[in-house]
Each structure stands twice: as C-alpha cells, then as structure tokens.
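Heads up, the thing below is written out as structure tokens.
Nothing in this text is a laboratory measurement; each read-out follows from the coordinates by a stated rule. Everything quoted here is computed from the prediction, not taken from an experiment. Methodologically, a virtual Cβ is constructed for each residue, glycine included, from the backbone with ideal geometry; neighbour enumeration extends over all protein chains shown.
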Ligand SMILES: Cc1cc2nc3c(=O)[nH]c(=O)nc-3n(C[C@H](O)[C@H](O)[C@H](O)COP(=O)(O)OP(=O)(O)OC[C@H]3O[C@@H](n4cnc5c(N)ncnc54)[C@H](O)[C@@H]3O)c2cc1C
Ligand code: SF4
Ligand code: SF4
C-alpha cells in the first residue's frame with residue numbers, strides 16, 4: 001500500500017505514525033512544503049522569547065525519528081492532485097502515485113486588504129521563516145503594531161511584550177478574542193493588557209501602512225497615526241485549498257469530509273486546518289484550526305486509510321487555551337450559549353476570574369473562563385461524555401467551580 | 001508485571017495524607033494544592049474521592065502535546081512530562097478529559113502523576129488502603145478503564 005501524506009504539521013505527522021502502527025508493511029511518504037524538519041507552529045511564541053531553540057519546535061525530537069519509522073520525508077510543494085490516475089504533481093514537474101492520499105496542508109494567514117501590507121517590516125507570524133524575520137526586528141523598545149487580537153494575535157502578543165517591544169494592538173471587532181470570549185471576559189482581558197502597558201484599540205481598523213524614514217506609518221480609521229518599526233498581521237486564517245483547483249475535490253471553507261474524514265473522492269482524506277470536519281457540539285461542519293483537532297483528525301483519517309470506513313467520528317470539540325501575560329483564558333464548545341439553554345456565570349472582576357457554563361437541557365455543552373487553571377480538562381470530559389447531569393446540574397448552577405465533583409459524580413458514578 | 005493505582009473511594013476518610021506525600025515527593029513542600037492526586041469532597045453524600053491520572057491508554061495529553069514533551073515510560077506505563085521540552089502551552093491541560101494534568105504557574109510548566117517512577121508515595125501514605133498500587137490486571141483496574149472508555153464517547157470503532 002502506498003500512503004502519501006501532504007503536509008508535515010501535527011495532523012500529517014500524527015497520521016503517518018498511526019499509518020505505521022496499523023500497517024507495518026506500508027510505504028509512507030510525508031511531504032512538507034517547508035525546508036525544516038516537521039515542526040509545530042504552536043511553539044513559535046516560545047521560540048520568540050528564547051525559551052527554546054528552533055529544534056525545540058520540532059514535532060518529534062529524536063534525530064532519526066522519521067527514517068527509523070520508515071517514513072520518507074520530502075521537502076517540496078505539491079501543485080496539483082489528479083484523482084483519476086491517483087497521482088500528485090510537484091512544483092518541479094515530477095509526480096508521485098498513491099493508493100491512499102491524506103491532504104493535511106493546514107491553513108495560512110489571511111492578508112487583510114490594507115494598502116502597504118506588502119512593505120518590508122510588515123509580517124505575519126505563521127512559519128519558522130516568519131519567526132526569524134520577526135525576531136530580527138522585534139528588538140527592545142521597538143514600536144510594534146499588532147493587527148488583530150484574535151486567538152493567534154493574542155498568542156504572539158505575550159512574546160512581543162516579553163521581548164521588550166512597545167505594543168499597540170488594533171482590533172476591528174468590539175473586544176479581544178471575539179471567537180473565544182464574550183463581552184465580559186474580553187473586556188477583562190483588555191483591562192489586564194492595558195494595566196501592563198499595552199495599548200489596545202478595539203473597534204478600530206488600519207486604513208493604510210506607509211514607509212516613512214525607515215519606519216512604518218500606520219494610519220487608523222480613528223484618524224490617528226502610529227509610527228512603528230514592525231507591523232504584525234494576525235487577521236484570521238484560511239485553509240490551504242487553492243492547489244486543489246481542477247481536482248474535483250469538494251471544498252467550502254476547507255475540504256469537505258464525511259464521518260471517516262474522507263473527501264468526496266474515494267481514497268482521498270483530509271485532516272487538520274485544511275479539513276472542514278464535524279464539530280462535536282454543533283453537529284455542523286467547520287474549520288476549527290486548532291492543534292488538538294489536527295491531531296484527532298490525523299489519527300482518525302489514518303485509521304480509515306488503512307481500514308476503510310472502520311472509525312466513525314462524531315466530531316471534534318472546539319477548545320482553546322490562551323495565556324496572555326499570565327491571565328489564562330479557556331473556551332470549550334458552545335461557550336457562546338445555546339438557544340433556550342440555561343447558563344451560569346461566576347465573576348470576580350477585581351481578581352480577573354470568570355467562569356461561564358452553558359447547558360443544553362441536562363447536558364453541559366460549552367464553557368469559557370479566565371483565571372482558572374486547575375482541572376479544566378474535565379470540561380472536555382463532561383461535554384464529550386454526553387451524560388445527563390441529573391442532580392449535578394443544579395449543583396453546578398449553585399457553584400460552577402465544582403466541575404471535578406460533577407464529573408466524578410455523574411460520568412463516573414463514583415459517589 | 002504492569003502495576004497501576006487502584007482507588008477505592010469508599011475507604012477514603014479525607015485525611016489528605018496522599019496529597020501531602022505527593023507534594024512533598026514532587027515539590028519538596030507540604031502543600032495539598034501542589035499535589036498531583038487530589039481529594040474531592042462530596043458534602044451531600046458525606047464522601048471523599050481521591051482522583052488522579054489513570055495513565056489512560058488514549059493518552060489524550062500526550063497526543064495533543066505539540067512538542068513531544070510527554071513520554072511513555074514503558075517500565076511503569078506512566079505518561080511522563082519531560083520538563084526540559086515542555087513549553088508550558090497548556091494544551092494538554094484542556095485535552096485530558098479527566099482534568100488530571102495541570103498548569104503550575106511557579107514553573108511555567110505542567111504537572112501530572114508519573115507514578116513516582118513505580119513506587120507511588122500516595123499509596124504508601126494512605127492509612128486506609130483507599131489507594132493501592134496493584135497488578136494492573138486486577139478487576140479494579142478494569143473498572144477504571146471502563147470509566148475512561150465512557151469518557152471517550154468520541155470515536156467508535158465498528159470494524
Ligand atoms: C504562532 C501560532 C501559535 C499557535 N498557537 C496555538 C495554540 O496555542 N493552540 C492551538 O490549538 N493552536 C495553535 N495554533 C494553531 C495550530 O498551530 C494549527 O492548528 C496546527 O498547526 C494545524 O496543524 P495542521 O497539521 O493541520 O497544519 P500545519 O501545522 O499548518 O501544517 C501544514 C503543513 O502542510 C505543508 N503544506 C502546505 N501546503 C503545501 C503544499 N502545497 N505542498 C506541500 N506541503 C504543503 C506545510 O509546509 C506544513 O508542513 C497556533 C498557530 C500559530 C501560527
Ligand atoms: S493526564 Fe489525562 S490524558 Fe494524560 S494519561 Fe493521564 S488521564 Fe490520560
Ligand atoms: S504544556 Fe507542556 S506537556 Fe503540555 S502540551 Fe504544552 S508543551 Fe506539551
């Protein structure tokens with residue numbers, strides 16, 4: 001069996017390992033569009049603050065890991081897929097045949113349509129190459145404008161502050177991390193950042209970036225202009241599906257997949273940021289673009305590549321954890337609530353502590369929090385188990401911090 | 001022989017000896033809040049339940065780690081944090097559906113039960129045998145595994 005995996009991020013690498021586990025004799029080729037050994041984008045912020053070196057970002061640490069597992073890693077871009085003759089084509093014109101194909105090409109940052117976005121000194125923060133460019137410019141006391149305070153923007157924010165940069169964050173929407181936190185939590189996070197000397201401008205957009213005496217001049221729609229040494233854009237991501245044009249693989253936001261993570265084309269699967277897979281709590285199909293989903297996808301797709309239709313998949317639970325200069329925020333599933341569902345909120349404004357649980361009838365379906373770090377994974381257990389909470393719903397409504405007790409009492413029937 | 005922690009909550013009196021022993025062994029201080037095993041109190045039922053990582057087969061934490069900082073210890077079956085590689089991203093803390101790997105803000109890394117390398121202090125400290133370290137084939141372990149499976153209401157294999 002010839003297994004070909006395009007993309008050497010967490011989805012692709014996890015899939016190759018699973019393929020190897022399930023099919024000792026298979027030939028496995030892993031293709032990366034980047035020159036480095038397979039690495040984790042998530043680790044880039046820690047590289048930027050010198051907590052780790054570049055090799056600390058590598059997904060697998062031992063030097064001969066891939067050869068030792070008979071996984072053939074190639075560094076070259078794929079430009080086309082031809083399901084009819086089961087082959088893929090590379091940028092150098094060569095092609096490669098496959099029996100089963102996994103597309104795990106991830107996503108790329110969206111370039112906001114701002115005049116001057118292509119100027120030197122304007123960067124995105126997505127690859128190791130980007131990280132090197134940012135490290136060269138983000139020196140102590142450099143004025144940096146971060147365009148976008150979404151999940152990725154907030155992750156880089158901390159690294160820039162720790163590097164000693166003077167930071168201004170510009171966010172078009174009315175709060176920070178709008179896809180993860182509600183008004184209350186987003187507002188608290190903003191106040192937290194401002195108290196640490198960061199300028200946070202919400203409801204504000206960048207109109208234009210211009211070059212001025214070796215610096216960048218960033219014009220905002222509130223009429224102000226900021227002079228910066230570096231502009232970083234983090235305005236959302238988009239699945240890497242452009243190279244599929246003409247392949248007859250169905251796409252929407254990402255590659256459309258069924259419960260086995262197979263595309264509409266027999267033998268072609270998709271996983272990770274490129275796949276529009278099922279969402280556990282909504283039942284709909286979405287590109288979640290987070291690490292745990294990429295890994296889960298990789299495992300499930302690989303299992304079905306070896307044994308067709310063997311592992312059905314109810315969907316990934318969307319979840320995020322974010323550390324913004326020591327204030328930790330977490331969100332799970334339907335954190336924004338369910339129509340007609342009950343909810344409970346615990347807020348300690350002065351201590352930046354917030355906990356919000358969302359129920360659908362007797363089930364917990366979502367949660368978000370600030371400042372809570374202990375046993376928070378149990379929210380995943382509570383949501384995914386789909387066990388009716390019974391008496392524990394009322395107890396959680398009375399005291400939402402008793403999550404472990406609710407889990408042990410309801411799911412594991414330990415009391 | 002693979003050993004595992006067996007918890008018999010019915011025998012627990014809530015004396016927190018296990019928490020103290022764990023925090024002393026791993027952090028060098030008597031501080032239940034720093035323990036990897038925790039006692040949960042059920043006021044209405046008048047019960048105490050000690051709970052920690054079951055070293056679950058799925059190892060959600062290990063799978064989710066982006067930098068290979070959680071390793072499988074073949075001798076004990078434990079999933080062990082490699083402090084030098086851990087970047088403190090906390091993804092494992094939301095990936096473990098049992099809530100048993102947690103962030104330690106003092107070190108900027110995460111902590112979880114590693115079975116003390118095969119000689120768990122909590123089991124030795126427990127005066128009532130609510131926590132024992134036993135042959136993993138015993139039925140109690142199977143029961144713990146069954147709970148783990150219930151929580152993994154995720155993917156269902158049909159082949
Ligand atoms: C700075 C930063 C911080 C992040 N922090 C978090 C976090 O804290 N938590 C979290 O859950 N997520 C985080 N993420 C998101 C997370 O990194 C992604 O969800 C994850 O990397 C997705 O994995 P993937 O395997 O689908 O894709 P990717 O990791 O993007 O890998 C895609 C692979 O495909 C290759 N490729 C693409 N196109 C081609 C082509 N045409 N031919 C050949 N190869 C190709 C690429 O070179 C790469 O190897 C962060 C991302 C960034 C950038
Ligand atoms: S910490 Fe959680 S996910 Fe990791 S091995 Fe233990 S129980 Fe499993
Ligand atoms: S906190 Fe450490 S061990 Fe946990 S996922 Fe992140 S790097 Fe891995």
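For the stretch A:1-158, the fraction of C-alpha pairs more than 25 angstrom apart is 41%. With only Cα atoms counted, the stretch B:3-152 has Rg and Dmax values of 14.8, 43 Å. With both labels modelled 7 Å from their Cα along Cα-to-Cβ, the residue A:135 to residue A:252 distance reads 4.0 nm. The separation of the stretch A:163-194 from the stretch A:60-127, counted between C-alpha centres, amounts to 32 Å.
Could you work out the relative contact order of the stretch A:19-108? I mean the mean sequence separation of Cα pairs under 8 Å and 6+ apart, divided by the number of residues, in percent. Value for the stretch A:19-108: 25 percent. Counting Cα-Cα pairs of the stretch A:122-233 in 10 Å increments starting at 0 gives whole-percent bin shares of 14, 49, 33, 4, 0.
Does a label point 7 Å from the Cα of residue A:245, set along Cα-to-beta-carbon, have any residues of the stretch A:63-94 with amide nitrogen under 17 Å, and which are they? Counting only backbone N, you get A:78-82, A:89-91. Each distinct pair of alpha carbons in chain A adds a 1/r term; the inverse of their mean, the Kirkwood radius, is 22.9 Å. With Rh defined as the Kirkwood radius, the inverse of the mean 1/r over Cα pairs, the Rg/Rh of the stretch A:1-82 is 1.00.
Take the Cβ atoms of residue A:266 and residue A:62, set R0 to 30 Å, and the FRET efficiency comes out at 0.25. In the stretch A:326-414, Rg over Rh equals 0.94, where Rg is the alpha-carbon radius of gyration and Rh the Kirkwood radius from pairwise Cα distances. Extending 7 Å from Cα along the Cβ direction at residue A:310 and again at residue A:391 yields two label points whose distance is 4.3 nm. Any idea how far the Cα center of the stretch A:326-396 sits from the one of the stretch B:1-74, in Å? Comparing the Cα centres of the stretch A:326-396 and the stretch B:1-74, I get a distance of 23 Å. Averaging the Cα positions of each part gives two centres, and for the stretch A:198-224 and the stretch B:84-98 these lie 36 Å apart. Highest GNM mean-square fluctuation among A:218, A:144, A:231, for chain A modelled with Cα contacts below 10 Å: A:218. Computed on the Cα trace of the stretch B:1-41, the radius of gyration divided by the Kirkwood hydrodynamic radius gives Rg/Rh = 1.02.
Find the relative contact order for chain A and round it to a whole percent, using C-alpha pairs within less than 8 Å whose residues are 6+ positions apart. Dividing the mean separation by the residue count of chain A yields 14 percent. Within the listed set A:63, A:296, A:34, the residue fluctuating most in the Gaussian network model of chain A (springs between alpha-carbon atoms under 10 angstrom) is A:63.
Look at the stretch B:65-73: the mean tally of other chain Cβ atoms within 10 Å of its residues' Cβ atoms is 5. On the principal axes of its alpha carbon atoms, the stretch A:242-362 extends 55, 36, 25 Å, with the longest extent given first.
Between A:298, A:390, A:315, where does the largest GNM mean-square fluctuation fall for chain A, given springs only between Cα atoms within less than 10 Å? Sorting by GNM fluctuation, first place goes to A:390.
Each label point was placed 7 Å from the Cα along the Cα-to-Cβ direction; for residue A:346 and residue B:84 their separation is 3.9 nm.
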